[in-house]
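Have a look at the structure below before the remarks.
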Amino acid sequence: MLKSFKSLSDLRHAFPNEDACVNHFRALRWPEADKIGCSWCGSIAKHYTLKNNTHKCRDCLKKFSVRHGTIFEDSKISLTRWFEAIFLMTSHKKGISSCQLARDIGVTQKSAWFMLHRIRNAAMTKEFNAPLTGTVEMDEAYVGANPRWQHANKRKPLYS
Ligand SMILES: [Zn+2]
């Protein structure tokens, strides 16, 4: 659970920008880049890729991004902030308040509350386990042997 990052600055060094986070999350969610699954209808590898990291399904014609169908959907908060929030939540064993989180990652308290709420709720629901596992264990993927992930922050974004 992000244990390999000793501090927030370690995490920020590993994921210096939004593209690094998006690419990393994409690799976790869709390990095979050509087998992107529609998060609306489940069709695999039947999509167009649009701008801004979004896809359109050829079966149901709905649009989705890597965030859709995960706790990160429907929020304007960047994945960078989400990664930081998950890191902080998992590194504060006694919990972290929304005020503290807001100060630490530079979001409003309302956003921080929303994030904590989603992360906590998600951790309790079964459907969420898949994406959360991927996200929370991102350190393991990151420090693993797979060079594709290790260098995610140095690669050019796949879709931009
Ligand atoms: Zn679809």
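The values are calculated or read from the model by the stated rules, or taken from the named source; none is laboratory data. The shown structure was predicted, so the numbers you read here are calculated from the model rather than taken from an experiment. Neighbour counts run over all protein chains shown; Cβ positions are idealised from the backbone, glycine included. To get the accessible areas, we keep the full protein, side chains included, count just its heavy atoms, and leave off ligands, DNA and RNA. Shrake-Rupley method; radii C 1.70, N 1.55, O 1.52, S 1.80 Å.
Taking a ≥ b ≥ c as the square roots of the Cα gyration tensor eigenvalues, with a/c under 1.5 meaning rounded and otherwise prolate when a/b beats b/c, else oblate, which class fits segment 1-82?
Values: a/c = 2.51, a/b = 2.14, b/c = 1.17.
Prolate is the answer for segment 1-82, as a/c is 1.5 or above and a/b outweighs b/c.
Between Leu50 and Cys99, the contour length at 0.36 nm per residue exceeds the alpha carbon distance by 13.9 nm. The residues neighbouring Ala45, those whose beta-carbon lies less than 12 Å from its own, together hold a net charge of 0 under the Lys/Arg +1, Asp/Glu -1 convention. Local charge for Lys56 was computed over the other residues whose Cβ lies under 12 Å away, with Lys and Arg +1 and Asp and Glu -1, and equals +4. Between Trp113 and Cys41, the contour length at 0.36 nm per residue exceeds the alpha carbon distance by 22.9 nm.
With R₀ set to 30 Å, the beta-carbon distance separating His13 from Arg58 gives a calculated FRET efficiency near 0.15.
Per residue, how much accessible area does segment 1-130 show when a 1.4 Å probe rolls over the protein heavy atoms, in square angstrom?
Working: 7350 Å² over 130 residues.
On a per-residue basis, segment 1-130 sits at 57 Å².
Between Asp74 and Ser91, the contour length at 0.36 nm per residue exceeds the Cα-Cα span by 3.6 nm.
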